[in-house]
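Data first, discussion second: the structure below is written as structure tokens.
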Amino acid sequence: GDSVTQMEGPVTLSEEAFLTINCTYTATGYPSLFWYVQYPGEGLQLLLKATKADDKGSNKGFEATYRKETTSFHLEKGSVQVSDSAVYFCALSATNDYKLSFGAGTTVTVRA
Amino acid sequence: KAGVTQTPRYLIKTRGQQVTLSCSPISGHRSVSWYQQTPGQGLQFLFEYFSETQRNKGNFPGRFSGRQFSNSRSEMNVSTLELGDSALYLCASSWGQGKGYTFGSGTRLTVV
């Protein structure tokens, strides 16, 4: 079945450091890929998405590129802020499927 | 534009009772999905509705059920509550496959 594997946390960084969270997936066809972020006590917010190979999703300084050849969708940000502290989830929606399959989530803490 | 609204935000129930959670999607969104989030199992898909029809169902026992009304609002019901049903229940709505889902803030259910 469809699945998402993302790097385990927690990840602790200093402000202005570079952030990478690895995400790989298993799915048939051409799934849509997403990164969601969850702040304490809140629901999930869509951070960015990509719907086909080589697409780059970007938002709020975060970027991720849909790599079909390596089945990956790694999240990156060049300079993190304390406000980026949250749990990040990689997810996929398979072709003609109407659900999201999530990775386990990566907790990111940014220290001033 | 109003977001996805879930009510109530918090619930405490006793084992054996039943509970109904409500979700109002973003206006115009006809697809509504439900997810259970727990520390141990992460985010798991419960079911998805579109135009009052259940299109997809996750691997949960029959105690978990849902429905969608003609105005796209959705409810989920859990009968004969167990301690393990304690979780954050998230509702999400979308206007199309692969477009990404917008999540509500969730209902925190505690079973005692």
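Each reported figure results from applying straightforward, stated rules to the coordinates on display, with no laboratory input. No experiment lies behind these values; they were computed from the predicted model shown. FYI the Cβ positions are ideal-geometry reconstructions off the backbone, even for glycines, and counts take in every protein chain you see.
With a point put 7 Å past each Cα toward its Cβ, work out how far A:Gln81 is from B:Ser51 in nm, to one decimal.
4.3 nm
Would you mind getting me the FRET efficiency between B:Tyr10 and B:Phe60? Use the beta-carbon distance for r and R0 = 22 Å, nearest 0.05.
The computed FRET efficiency comes out at 0.55.
To the nearest 0.05, what FRET efficiency results for B:Ser79 and A:Glu63 with a Förster distance of 35 Å applied to their C-beta separation?
Efficiency at R0 = 35 Å is approximately 0.20.
Could you work out Rg/(2.2 N^0.38 Å) for chain A, with Rg from alpha carbons only?
In units of the 2.2 N^0.38 Å rule of thumb, it is 1.02.
Using only C-alpha atoms and all pairs of different ones, pull out the Kirkwood radius for chain B in Å with one decimal.
13.9 Å
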